[in-house]
């Protein structure tokens, strides 16, 4: 990637409006399907997400709690991981295109830490509560980043873990 290469050329499968949402920290975690170049979602799942988004404001923590459509659209950790990596790739590319070495490193480090944390949580707890934790965690980090704080991705949120994951340990096989 050249520093002057536009993000819409680096990520031709992502609409420019979505790229803007990402770099402005306005991107919803329920829209991760928009970052999936393989388009694994079926059109009825996309319709379910659009219905949820119209019905609720996802900037309010607690939205989408126990939503069947959300669980259907993101049935497991891997359905979130691929698009989440693309999300962080867009952020890192944006920082790199601005010549911000430290910012680029921070985004890459946050991606690594958060994906490892989410993988650990998805192995320890049932997936639907982990997905709800992820949605709320993502929304909090977006608010933080809009305020200039980017390192929140590096740490688990104990309050959210207590709220969403307590009592949902995976049963041994």
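Read the figures in this text as sums done on the coordinates, not as results from a lab. Remember, it's a predicted structure, so these values are computed and weren't measured experimentally. Positions of Cβ are backbone-derived with ideal geometry, glycine not excepted, and every protein chain shown enters the neighbour counts.
Among 22, 14, 161, the order by Cβ neighbours within 10 angstrom, fewest to most, reads 161, 14, 22.
The peptide list 27-34, 162-169, put in order of mean Cβ contacts within 10 Å with the highest first, becomes 27-34, 162-169. For the range 63-136 versus the range 142-168, the spacing of their alpha-carbon centroids is 11 Å.
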